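S.K.: Pasting in a structure now, in structure tokens, and then I'll have a few things to ask.
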Amino acid sequence: MAYTPIIPLLLALVLAGCSLEPVKPWQRDLLAQPSMQLDPAPVDSYLDGHIYFSKEAASGGAGIGGGGCGCN
């Protein structure tokens, strides 16, 4: 099979369409709002996590089910 430059050319065109556009200055205020953050209430999340781990007698792995008592 002969090398065809069409496949890399098509791949380059597809990837060029995925380029990122920089954030405009007037858009930054919308992105800086607390509701746009990954964790909109970090203090509440920390306190909830502290209470959960204190009651479950377990530490780490907030996304994993089960606790220190072994009753899954």
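A short reminder: the numbers here are calculations on the coordinates, not readings from a lab. All values reported here derive from a predicted model rather than from experimental measurement. Counting neighbours? That spans all protein chains shown, and the Cβs are built from the backbone with ideal geometry, glycine included.
S.K.: State, to one decimal in nm, how far the label point of L31 lies from the label point of K55, with both points 7 Å from Cα in the Cβ direction.
M.R.: 3.8
S.K.: Around P34, with a cut-off of 15 angstrom between Cβ atoms, what is the net charge of the other residues, counting Lys and Arg +1 and Asp and Glu -1? Display every interim value, and only then the final one.
M.R.: Working: positive: R28; negative: D29, D39, D44.
Taking every other residue near P34 into account, the sum is -2.
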